[in-house]
Amino acid sequence: DYTEYECHILRYRKVTQKKSSYYELVLDYTPFYGEMGGQVGDTGVLVSEDETINITDTKRENNQSIHIVKALPKNVEADFMACVDTDKRDASAANHTATHLLDYALKQVLGEHVEQKGSYVSPDTLRFDFSHFQKVTDEEIRKVERMVNDMIRQDIPLQDHRDVPIEEAKKLGAIALFGEKYGDKVRVVQFGPSVEFCGGIHAKSTGRIGMIKIISESSVAAGIRRIEAKTGAECEQMMYDLEDGMKAIKALFHNAKDLQTVIGKYIEEHEAMKKNIEKFQAEAVERAKERLLSQARDVNGVKVIATVLPLAPDAAKDLAFKLRAAQPENMLCVIGSKHEDKPLLTVMATDDLVSDHGFNAGKVIREAAKLIQGGGGGQPHFATAGGKNIDGLSAAVDKVVELAQL
């Protein structure tokens with residue numbers, strides 16, 4: 001409830017980690033909310049006459065607030081004013097209230113089987129986990145968003161029922177979290193039809209949230225779904241980013257009015273061009289296969305094909321397998337190729353070369369790849385490697401033949 005308090009440091013301790021250290025302070029009085037129930041802790045400052053100390057986080061431990069600071073005050077016995085960063089607290093409070101509205105809306109749209117299974121609330125974002133047996137559809141997400149945004153526009157005031165006997169709280173319709181233990185008296189937070197047990201900090205009214213936009217829906221476990229959302233200023237910034245992105249995309253397509261149709265046409269043309277390229281590539285591979293077979297060298301009864309061609313990786317692999325199919329015995333194929341200014345090495349050997357001569361393409365290519373400043377590997381009959389040094393490609397091809405020791 002408070003954002004400033006006069007206080008003193010009761011005790012402190014140093015916490016040392018691998019590469020850093022920090023201090024934990026306990027104050028006699030504090031306005032700081034300690035992280036609890038999925039809501040992050042407050043940040044702010046401790047101010048004395050002589051200095052200001054930043055509080056980077058607040059935790060709860062043994063029913064007391066632990067304030068995290070990077071350095072101790074010079075005088076730990078001084079009088080301090082503990083001041084909460086109200087902008088961050090207000091943003092966290094708004095996001096916390098938004099999770100309550102989400103919980104209510106999800107029950108209305110998906111059914112009363114929905115139960116909260118966890119949440120995370122910070123100044124920048126919110127996350128809400130809940131029970132549901134299938135993916136939430138786009139239409140259902142839109143209904144939930146509309147319902148929550150309608151409650152936000154109504155600017156429903158917070159009704160804060162404190163120290164309410166638990167039976168009376170249940171009569172109010174308060175929703176308890178499964179597995180949570182409650183005392184004889186509880187706090188009930190109510191925003192219109194949304195009524196829940198809660199000990200966290202909330203907005204004074206739903207209008208403080210501004211608006212909500214669900215940015216993702218996913219599965220985190222069997223029967224558990226997760227919604228992530230933005231609110232308020234974060235939501236506004238996200239819309240600006242999307243608008244800027246859309247303008248940039250439209251500029252690429254000459255600011256076309258019907259962008260969806262234009263992009264669809266470009267995709268169709270791209271697919272058609274891709275098919276033509278694949279056709280031409282297949283024809284080029286077939287021609288290369290016939291030419292290389294006719295030019296193969298005979299080394300002690302083994303057909304050796306060693307060449308450098310301007311081929312993409314998939315085309316080089318396709319060519320190697322086609323050569324093996326055409327020459328299933330006594331054949332060693334070494335293809336050096338250049339793609340996007342990078343050297344590639346492809347080695348293919350027939351099974352008899354592996355079994356009778358002990359050839360291992362994976363081992364050989366690792367050694368040859370050093371000449372192109374790269375690395376690779378594979379199976380005894382087939383291996384590939386990539387590198388950085390195009391100038392060493394021809395030498396790498398020759399190295400494979402040398403290492404084959406035919």
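Give the peptides 291-302, 374-385 in descending order of average Cβ contacts within 10 Å, highest first. Could the numbers behind the result be given before it?
Values: 291-302: 12.9, 374-385: 18.6.
Taking the mean over residues of other Cβ atoms within 10 Å, the ranking is 374-385, 291-302.
Which entries of Lys117/Lys185; Lys171/Lys230; Lys59/Lys213; Lys117/Lys171; Lys88/Lys213 show an alpha-carbon separation above 26 angstrom in the structure shown?
Lys171/Lys230; Lys59/Lys213
For helix 313-326, what angle does its Cα long axis make with the longest principal axis of the chain, in degrees from 0 to 90 and rounded to 10?
On a 0 to 90 degree scale, this one is about 40.
Cross-link partners among lysines for Lys303, C-alpha distance below 20 Å, same-chain residues fewer than 8 apart left out?
Candidates past the 8-residue exclusion: Lys289, Lys317, Lys322, Lys399.
Provide, in order from the shortest bin, the percent of all Cα-Cα pairs of the stretch 330-406 in each 10 Å bin, continuing until the bin that contains the maximum pair distance.
23, 55, 19, 2
Could you give the dipole magnitude of the stretch 4-84 about its Cα centre, charging the beta-carbon of Lys and Arg +1 and that of Asp and Glu -1, in debye to the nearest 20?
640
Using only the Cα atoms, work out Rg/Rh for the chain, with Rh taken as the Kirkwood radius, to two decimals. Walk me through the intermediate numbers first.
Numbers: Rg = 33.8 Å, Rh = 27.7 Å.
Taking Rg over the Kirkwood Rh, I get 1.22.
Please sort 151-164, 6-19 by packing, taking for each peptide the average over its residues of neighbouring beta carbons within 10 angstrom, highest first.
For the peptides 151-164, 6-19, the packing ranking is 151-164, 6-19.
At a Cα cut-off below 15 Å, give the aspartates and glutamates reachable from Lys342, other chains included and same-chain residues fewer than 8 away excluded.
In chain and number order, the partners are Asp314, Asp391.
Diagonalise the Cα gyration tensor of the stretch 85-167 and give the resulting equivalent ellipsoid semi-axes, square root of 5 times each eigenvalue, largest first, whole Å. List each step's numbers first, then the result.
On the way: eigenvalues 102, 59, 40 Å².
Gyration-tensor ellipsoid for the stretch 85-167: 23, 17, 14 Å.
Mind listing the Cα extents of the stretch 236-294 along all three principal axes, in Å, largest one first?
Computed over the Cα atoms, the extents are 67, 22, 14 Å.
Rounded if a/c is under 1.5, else prolate if a/b is larger than b/c, else oblate: which is the stretch 7-133, with a ≥ b ≥ c the root eigenvalues of its Cα gyration tensor?
Note, shape of the stretch 7-133 comes out prolate.
Could you state the number of Å between the C-alpha centres of the stretch 288-362 and the stretch 150-187?
Cα centroid of the stretch 150-187 versus Cα centroid of the stretch 288-362: 74 Å apart.
Just tell me which lysines come within less than 18 Å, Cα to Cα, of Lys274; anything on the same chain fewer than 8 places away is out.
Lys265
Compute the angle between helix 232-252 and the longest alpha-carbon principal axis of the chain, please, reported from 0 to 90 degrees and rounded to the nearest 10.
30
Can you tell me the 0 to 90 degree angle between the C-alpha axis of helix 138-153 and the longest principal axis of the chain, rounded to 10?
Between the helix axis and the principal axis of the chain, the angle is about 30 degrees.
Just the number: Rg to Rh for the stretch 129-267, Cα atoms, Kirkwood Rh, two decimals. Could the numbers behind the result be given before it?
On the way: Rg = 20.6 Å, Rh = 18.4 Å.
Using only Cα positions, Rg/Rh for the stretch 129-267 is 1.12.
About the Cα centre of the stretch 24-159, what is the dipole size in debye to 20, counting +1 per Lys and Arg Cβ and -1 per Asp and Glu Cβ, all else neutral? All intermediate terms of the calculation are to be shown ahead of the outcome.
Values: 14 positive and 25 negative charges, 122 e Å.
That gives a dipole near 580 debye.
Please check: in the Gaussian network model of the chain (C-alpha springs, under 10 Å), which one of Ala369, Ala222, Ala98 has the largest mean-square fluctuation.
Checking each option, the largest mean-square fluctuation is seen for Ala369.
Throw me the Rg/Rh for the stretch 119-160, computed over C-alpha atoms with Kirkwood Rh, two decimals.
A ratio of 1.03.
Given the options Leu259, Ala316, Leu403, identify the residue whose Cα lies farthest towards the positive end of the charge dipole of the chain (+1 on Cβ of Lys, Arg; -1 on Cβ of Asp, Glu).
Leu403
Can you tell me which of 123-135, 247-259 comes out highest on packing, and rank the rest after it, using the mean Cβ neighbours within 10 Å?
123-135, 247-259
Please state the charge dipole magnitude for the stretch 89-246, taken about the Cα centre, from unit charges on C-beta atoms (+1 on K and R, -1 on D and E), reported in debye and rounded to the nearest 20.
Dipole magnitude for the stretch 89-246 comes out near 380 debye.
Values in this text are rule-based calculations from the coordinates and carry no lab data. Computed from a prediction, not measured in an experiment: that's the story for all the values here. Positions of Cβ are backbone-derived with ideal geometry, glycine not excepted, and every protein chain shown enters the neighbour counts.
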